[in-house]
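Asks: Okay, handing you the structure first.
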Amino acid sequence: QKEVEQNSGPLSVPEGAIASLNCTYSDRGSQSFFWYRQYSGKSPELIMFIYSNGDKEDGRFTAQLNKASQYVSLLIRDSQPSDSATYLCAVPGGDSSYKLIFGSGTRLLVRP
Amino acid sequence: GAVVSQHPSWVICKSGTSVKIECRSLDFQATTMFWYRQFPKQSLMLMATSNEGSKATYEQGVEKDKFLINHASLTLSTLTVTSAHPEDSSFYICSARNVQGLGTEAFFGQGTRLTVV
């Protein structure tokens with residue numbers, strides 16, 4: 001069974017700072033990685049996905065993948081209070097069902 | 001992005017009754033849908049994979065006779081919580097992946113908050 005691990009937090013940063021969220025995974029064969037944001041009481045929404053080693057940028061968000069070290073991170077630049085949420089890392093289950101395996105999530109708190 | 005609609009968004013039921021939750025993919029065909037459960041301050045736990053036209057695949061520890069899944073069409077999967085008890089109170093979320101498209105991300109329904117009293 002694949003495992004995805006995240007620090008539960010909360011990670012507290014001041015408004016305007018860079019928030020760094022980390023995720024490690026157990027299956028070296030994992031090929032794709034997803035970051036979801038979940039506000040309290042709501043369902044997750046996709047932030048970014050990444051397949052290749054290195055960085056992928058989308059607006060204020062940057063995903064970083066290091067397959068050799070088996071970690072993927074999400075950087076949020078110019079953090080805003082509206083970014084306060086739980087961020088979930090996910091990897092495919094590896095079988096033909098296309099299921100996603102989620103980490104426990106990191107709660108981010110951006111202080112005004 | 002693709003839209004997945006889940007209904008109802010919340011439901012309160014009496015202990016011992018059954019509750020049905022619907023999950024629809026509105027603009028794509030989903031041969032596979034997933035049902036997750038999330039308890040407060042915990043992550044999403046996959047309950048089962050719903051396969052159109054065949055039996056669902058349940059994760060270890062999930063009672064298939066208690067959580068009945070039907071995936072009768074390419075756009076609709078239903079989860080029925082039978083003989084619900086207070087410990088079944090949770091946030092149930094469905095998701096679907098548009099495996100016919102270019103992306104492989106999963107899209108989530110709005111979730112259903114079930115409270116069993």
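The values are calculated or read from the model by the stated rules, or taken from the named source; none is laboratory data. As the structure is a computational prediction, the values presented were derived from the model and not from experiment. Glycine also receives a Cβ, built like all others from the backbone with ideal geometry; neighbour counts cover every protein chain displayed. In case anyone asks, the SASA skips ligands and DNA or RNA and just uses the protein heavy atoms, side chains included. Shrake-Rupley method; radii C 1.70, N 1.55, O 1.52, S 1.80 Å.
Asks: Among the listed residues B:P8, B:P40, which satisfies the condition of being more than 10 Å from the chain's Cα centre (by Cα) and within 13 Å of chain A (Cβ to nearest Cβ)?
Replies: That would be B:P40, the only listed residue that is more than 10 Å from the chain's Cα centre (by Cα) and within 13 Å of chain A (Cβ to nearest Cβ).
Asks: Sticking with this one: Which residues, taken from the stretch B:34-74, are of a type in the set (F, W, Y) and not in a strand (DSSP E or B)?
Replies: B:F39, the sole residue that qualifies.
Asks: Next question, about the same structure. How about the stretch A:1-90: which strands (runs of 3 or more DSSP E) wholly inside it have at least 1 residues that are aromatic (F, W, Y) and surrounded by 14 or more Cβ atoms within 10 Å (Cβ to Cβ)?
Replies: In the stretch A:1-90, the matching strands (runs of 3 or more DSSP E) lie at A:19-25, A:33-38, A:45-50, A:61-66, A:71-76.
Asks: Could you say which residue among B:A96, B:A56, B:A30 is in contact (Cβ under 8 Å) with a residue 12 or more places away in the chain, over 14 Å from A:S43 (Cβ atoms) and under 12 Å from the mean Cα position of the chain (by Cα)?
Replies: B:A56
Asks: Checking A:E15 against (1) of a type outside the set (A, V, I, L, M, F, W, C); (2) more than 14 Å from the chain's Cα centre (by Cα); (3) within 22 Å of B:F108 (Cβ to Cβ), which test does it fail?
Replies: (3)
Asks: I would also like to ask the following. Looking only at the stretch B:52-91, count every residue that is under 15 Å from B:S25 (Cβ atoms), open to solvent by less than 30 Å² (accessible area, probe 1.4 Å) and away from every other protein chain (no Cβ under 14 Å) and tell me the total.
Replies: Qualifying residue count for the region: 2.
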